[in-house]
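Participant: Here you go, one structure.
The values are calculated or read from the model by the stated rules, or taken from the named source; none is laboratory data. All of these numbers come straight from a predicted model, not from anything done at the bench. A quick note on method: Cβ atoms are made from the backbone with ideal geometry, for glycine too, and the neighbour counts reach across all protein chains shown. Note: accessible area is taken over every heavy atom of the protein model, side chains too, but ligands, DNA and RNA are not part of it. Shrake-Rupley method; radii C 1.70, N 1.55, O 1.52, S 1.80 Å.
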Amino acid sequence: MYSIYQFTLPALMWTMVIWRAPSAFGGTRASRFLWGFLAAVAVALTTRPPEVVHLIRSLTGAPDLSVLIKHLAGLASNYCVVEYVIAVHGRGPRRAAAARLRLVFVMAAALALTVLFVFFFEHDPGAPATRVTDAHLGDPAVRLYEGIVYVYLGIATALSAKLFWSNRRSVPAGLLRAGVVCLAGGGAMGFVYTLYRVVFLARQESRPDVPGRGTPDALSEILPVISLLLIVVGLGLPPLRTLVRHVGDQYALWRLHPLWSDLLHAVPSVAFGPRMGRTRDLFVAGDRTLDVAHRAFEIRDACLVLRDRSAATGAERPAEAPDEAPVGGGVPTARAEAEWLFSMLHQEPDDGRAAAPPPADSRTPAEEVAWLLKVAAAYGQLPRGGATAMPRPAGVGGRPQGGRPSSGHGQEHGRKGGQEVR
């Protein structure tokens, strides 16, 4: 292994193991096998640095036991990833007999590796640990040993690549789907590595007289590194998606807070959420997606109360001309709604408040949040230096001729629109 990977890859994998531990011990069967796969890979990678090889040799007296530990850990990782694939992709009830049979097979393979390594390999105490296999690739015992390793590795990587690639369209587009594609790429790259090693080993002959580590090969070192990095990226993208969503929700709450806070004091009849400052709101832990939706509903409920209050008091500014019609055929704008809210919250009735914009059609929760973010942005740009009247563009927020709207169809439509959002 190249020196740059000797410590960075094990450190990266152990970080993944620690990070996934809570979900493994408190999660599903699939989560436990995924964690077992990561732990086994971390153990296998940890046996590669020369310092660890020397430590194992000093503690056990065996000159190349680290090679056996690496391959046994690799076998365990292959078993765990196969069980993970079956747990995620399997259909119908799990059969206990089949699960026990797979466990028996992997234990038999581990026993075979151990017997071959202990009784049939040539162990040279003065040679590097990797020479026990690298310098004897033509030996039948080494070929059988490596064949067992690569049969399990090929099955595991092929199943993983097939599972993730076939399910990539069943997850939402974005970072989550990109993570699944990376996992499929990691499995595919592992399968390519397996095929390459099988061909490579078939063409090798035993060369016990070769000095050094044996038979170095660049592709044999690079391909598994690429596979592991793709797997790590694939597992790390979904949490990154969660982090991006959390930051977006916090930003939305920050933008909505000034308007929400003004409405909280002006319309106490609405059941608002917990009162807190704008900065303190950023330090609330947990998922904030529902908090954003609740805050949008609270703002909309308060707007409906203000609309009823405006219609009851009749304090709206009259239309500029008898035949004035709203710009856009009555379609409300965020600026018009922000000016109306500002006039309701910061002006005296005698100042001639802006007319309420026409009620909008029903919106989905996501559409409502997006709309109120625009309203809040326009609301924050309005001057608050004691102005008593807000300039209104011609036709924006106006009403059909007849002055104040009746308390019938328009008001009822506004209520229904708000309730449908809820």
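Participant: Tell me whether region 138-153 contains one or more residues that are part of a loop (DSSP other than H, G, I, E, B) and touching a helix residue (DSSP H, G or I) at 6+ places or on another chain (Cβ under 6 Å). Quick ask: steps written out before the conclusion?
Facilitator: Looking only at region 138-153, we keep the residues that are part of a loop (DSSP other than H, G, I, E, B), and these are 138-139.
Filter once more, keeping what is touching a helix residue (DSSP H, G or I) at 6+ places or on another chain (Cβ under 6 Å): none.
The answer is no, given that none of the residues of region 138-153 is part of a loop (DSSP other than H, G, I, E, B) and touching a helix residue (DSSP H, G or I) at 6+ places or on another chain (Cβ under 6 Å).
Participant: For region 19-28, does any single residue satisfy the condition of being in contact (Cβ under 8 Å) with a residue 40 or more places away in the chain, surrounded by fewer than 20 Cβ atoms within 10 Å (Cβ to Cβ) and under 26 Å from residue 148 (Cβ atoms)?
Facilitator: no
Participant: Being in a helix (DSSP H, G or I) and among the hydrophobic types (A, V, I, L, M, F, W, C) is the filter; apply it to region 256-280 and report the residue that is most open to solvent (accessible area, probe 1.4 Å). Please lay out each step first, then the result.
Facilitator: Filtering region 256-280 for residues in a helix (DSSP H, G or I) gives 256-266, 280.
So of that shortlist, the ones also among the hydrophobic types (A, V, I, L, M, F, W, C) come out as 256, 259-260, 263-264, 266.
Values: 256: 0, 259: 1, 260: 5, 263: 0, 264: 16, 266: 34 Å².
Residue satisfying both the conditions and the ranking: 266.
Participant: Within region 213-230, identify whether any single residue is surrounded by 20 or more Cβ atoms within 10 Å (Cβ to Cβ), in contact with a Cys (Cβ under 7 Å, 6 or more places away or on another chain), under 30 Å from residue 23 (Cα atoms) and at pLDDT 85 or above, and answer yes or no.
Facilitator: Scanning region 213-230 turns up at least one residue that is surrounded by 20 or more Cβ atoms within 10 Å (Cβ to Cβ), in contact with a Cys (Cβ under 7 Å, 6 or more places away or on another chain), under 30 Å from residue 23 (Cα atoms) and at pLDDT 85 or above.
Participant: I'm trying to understand the selection: among the residues of region 105-147, which are closer than 18 Å to residue 77 by Cβ and loosely packed, with under 15 Cβ neighbours inside 10 Å?
Facilitator: 105, 107, 108, 111, 112, 114, 147
Participant: With under 16 Å from residue 71 (Cβ atoms), in contact (Cβ under 8 Å) with a residue 40 or more places away in the chain and of a type outside the set (Ser, Thr, Tyr) as the only criterion, which of 153, 116 stands out?
Facilitator: Values: 116 fails: in contact (Cβ under 8 Å) with a residue 40 or more places away in the chain.
Being under 16 Å from residue 71 (Cβ atoms), in contact (Cβ under 8 Å) with a residue 40 or more places away in the chain and of a type outside the set (Ser, Thr, Tyr) holds for just one of 153, 116, which is 153.
Participant: Restricting attention to region 119-134, which residues are farther than 11 Å from residue 65 by Cα and either hydroxyl-bearing (Ser, Thr, Tyr) or assigned to a helix (DSSP H, G or I) (or both)?
Facilitator: Residues satisfying the conditions are 119, 120, 131, 133, 134.
Participant: Next question, about the same structure. Taking the condition of being modelled with pLDDT of 85 or more and in contact with a Phe, Trp or Tyr (Cβ under 7 Å, 6 or more places away or on another chain), how many residues in region 341-386 meet it?
Facilitator: Adding up the residues that qualify gives 3.
Participant: Quick one: would you say residue 171 is open to solvent by less than 70 Å² (accessible area, probe 1.4 Å), without any contact (Cβ under 8 Å) to a residue 24 or more places away in the chain and of a type in the set (A, V, I, L, M, F, W, C)? So that I can check it myself, show each step before the final result.
Facilitator: Details: open to solvent by less than 70 Å² (accessible area, probe 1.4 Å): yes; without any contact (Cβ under 8 Å) to a residue 24 or more places away in the chain: yes; of a type in the set (A, V, I, L, M, F, W, C): yes.
Criteria met by residue 171.
Participant: Is it fair to say residue 316 is of a type outside the set (A, V, I, L, M, F, W, C) and modelled with pLDDT under 70?
Facilitator: Against the criterion (of a type outside the set (A, V, I, L, M, F, W, C) and modelled with pLDDT under 70), residue 316 qualifies.
Participant: For residue 157, state whether it is under 18 Å from residue 74 (Cβ atoms) and within 30 Å of the chain's Cα centre (by Cα). Reasoning before the result, please.
Facilitator: On the way: under 18 Å from residue 74 (Cβ atoms): yes; within 30 Å of the chain's Cα centre (by Cα): yes.
Yes, satisfied.
Participant: Sticking with this one: Can you tell me which residue in region 83-96 is most open to solvent (accessible area, probe 1.4 Å), limited to those that are of a type outside the set (Phe, Trp, Tyr) and modelled with pLDDT of 85 or more? It would help to see each step written out before you state the result.
Facilitator: Initially, region 83-96 is screened for residues of a type outside the set (Phe, Trp, Tyr), giving 83, 85-96.
Narrowing further to those that are modelled with pLDDT of 85 or more: 83, 85-87.
Values: 83: 1, 85: 11, 86: 56, 87: 36 Å².
Going through the qualifying residues, I end up with 86.
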